Amino acid sequence: MAQHHTPQSRPTPEVVAAVFDFDGTLVASRSVDEAAVAALIRADPSAAVGADLFWSHDGEPLVIRIELAWPERVEEILPLFDSQGPSVPFPGIVSLLQWLEGLGLALGVYPPRRRSDLEKGLADAGLRHHFRVVVGLDDVSEPKPSPEGLLHALRGLDVEPPRAVFIGDNDLDVEAGRRAGVTTWRALWGLPSAHPLPLHPAGVELLRSPEEVSARLERLRPGA
């Protein structure tokens, strides 16, 4: 991707930070979740009845999804998700983060994960060093769609909401960004190719590849 950008390329001064969701935005975590659910059902076929409920709450904290689908079994089931190996960054993500850093943008990450799980996930994916601020579920009192975590990340970056963009992949991310008052873009690159395009509020752009993030930033430049 680097060859598409010239040294003169700079985002508008009003945009000085970017905050990312993690699962489905930075890393391809759905395959890990699918492997964990499959392993659970192999070990306990009766658990299949909870799978649809688990998937219907995609985007919510993993521990909440497990508790909804398989009540009172979180401590038993959660290790299955940790044992499937690290999630892999989507193609283009590493180049995008390097490009944003080269422009001087401050980067943060805020997904629905506990801080320890998030730190491990970022480290395993080789992404931790890109982010100045990491906010986990244990840093907030209310998860998404509350804007609390996103605003917490922006305070850590010392950036006001109008000067930031937030990139996530689901409805909860979009609503959190809207409530926080940041420019919000929805990542579609983690969706299966046959998945229908989601509905989204006015002003929330749909991005089909990480490369489109840089294109959108170019459009925000003065005079663009």
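The values are calculated or read from the model by the stated rules, or taken from the named source; none is laboratory data. Treat the numbers as computed from the prediction; the structure is a model and nothing was measured. All Cβ positions, even for glycine, are placed from backbone atoms using ideal geometry, and neighbour counts span all protein chains on display. Each accessible area value is taken on the protein alone, full model and side chains, heavy atoms only, with ligands, DNA and RNA left out. Shrake-Rupley method; radii C 1.70, N 1.55, O 1.52, S 1.80 Å.
Below is a table of values for the structure above.
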{"quantity": "Distant-in-sequence amide H partners of ALA17 (H built 1.01 Å from N, under 5 Å)", "calculated": "ALA106, VAL165"}
{"quantity": "222 nm mean residue ellipticity, helices alone, for the chain (DSSP H n ≥ 4; -39,500 (n - 2.57); rounded to 500)", "calculated": "-11000 deg cm²/dmol"}
{"quantity": "Listed residues ARG73, ARG208, ARG163, most fluctuating in the chain (Gaussian network, C-alpha, under 10 Å)", "calculated": "ARG73"}
{"quantity": "Rounded percent of accessible protein surface that carbon and sulfur make up, region 81-216, 1.4 Å probe", "calculated": "51"}
{"quantity": "Tilt relative to the chain, helix 115-124 - C-alpha long axis, 0 to 90 degrees, to 10", "calculated": "70"}
{"quantity": "Accessible area (Å², per residue) of the chain, counting only protein heavy atoms and a probe of 1.4 Å", "calculated": "48"}
{"quantity": "Residue-by-residue Karplus 3J(HN,Hα) for region 69-86, coefficients 6.51, -1.76, 1.60, Hz, glycine and proline x", "calculated": "7, 9, x, 6, 10, 4, 5, 6, 8, 3, x, 4, 6, 7, 8, 8, x, x"}
{"quantity": "R0 of 25 Å, Cβ-Cβ distance ALA39-SER146: FRET efficiency to nearest 0.05", "calculated": "0.20"}
{"quantity": "Convex hull volume per residue for the chain, taking Cα atoms only, in Å³", "calculated": "124"}
